[in-house]
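Only one structure is covered here, and it is reproduced in the block below.
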Amino acid sequence: MPSHVALLRGINVGGRNRVAMADLRELLTSLGHTEVSTYVQSGNVVFTPVRRRDPAALASELERAIADRLGVSPRVVVRTRGELAAVVRDNPYPDEPNPKAVHAVFLTGDPDPELAVAVDGAQQRVAELGSRDTATLVGRTLFLHTPDGIGRSKLAELLVARTSGNAGPGRVAGTARNWSTVTKLLAICDG
């Protein structure tokens, strides 16, 4: 069974950073990784690494290889199957019936303590505007609950700057997946 998931930020969104999933699978296979499969077109790869490595080191290796061979430079987040299972287990919104109303933003590293302050401040601002959106930071995952849809979410809009990877306090790169994708990736890992 595959033991890792690689999540590419900003792939095949709005016609930019186009990457064919077949090319992505071929790239990982050429690096020696096995059990490589992709899910949908947004840069979700499930695989078993050729050798035991730290997920951050795998992410750096994949970022370099993708830039060198495919000509795009997305941020890559790698999680082990166990880490992904912990994200599913730790979902603070388990009673939400619509899996597209919950998003997990997978952060590339440990968040700066100011990110929690920024999340709380953003929630207060949107609540004052009547928004029902909420966010919860759990380790290296920022959970977003957007009952009125991610496309209309003022909270998501405010927090995107905090996970864009730009320098500044409380900023760390991340990539978001809706709950349907998160649970499907875990199911693929579990065979």
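Filtering ALA116, ALA85 for residues that are within 16 Å of ARG177 (Cβ to Cβ) and more than 13 Å from the chain's Cα centre (by Cα) leaves a single hit, ALA85. Pairs are defined by a Cβ separation below 7 Å, a sequence spacing of at least 6 or placement on different chains, a first member in segment 123-151 that is free of Cβ contacts under 8 Å to residues at least 60 places away in the same chain, and a second member that is in a loop (DSSP other than H, G, I, E, B) and of a type in the set (Val, Ile, Thr); the pairs so defined are ASP133/THR146. Beta carbons closer than 9 Å, at least 6 apart along the sequence or on distinct chains, pair a first residue in segment 62-85 that is without any contact (Cβ under 8 Å) to a residue 40 or more places away in the chain with a second that is surrounded by fewer than 20 Cβ atoms within 10 Å (Cβ to Cβ) and hydroxyl-bearing (Ser, Thr, Tyr) for GLU63/SER73; ALA65/SER30; ALA67/SER73; GLY82/SER3.
Scanning segment 51-74 turns up no residue that is part of a strand (DSSP E or B) and under 17 Å from the mean Cα position of the chain (by Cα).
Screening SER42 against (1) in a helix (DSSP H, G or I); (2) of a type in the set (S, T, N, Q); (3) surrounded by 15 or more Cβ atoms within 10 Å (Cβ to Cβ) leaves a single unmet condition, (1).
Of the listed requirements (1) part of a strand (DSSP E or B); (2) of a type outside the set (Asp, Glu); (3) surrounded by fewer than 16 Cβ atoms within 10 Å (Cβ to Cβ); (4) free of Cβ contacts under 8 Å to residues at least 40 places away in the same chain, VAL36 misses just one: (3). Among the residues of this structure, PRO94 does not count as one that is surrounded by 15 or more Cβ atoms within 10 Å (Cβ to Cβ) and assigned to a loop (DSSP other than H, G, I, E, B).
Every read-out reported here was derived from the displayed coordinates using simple, explicitly stated rules and does not represent laboratory data. Predicted model only: the values in this text are computed from it and were never measured. Note that each Cβ is placed from the backbone with ideal geometry, even for glycine, and that neighbours are counted across all protein chains shown.
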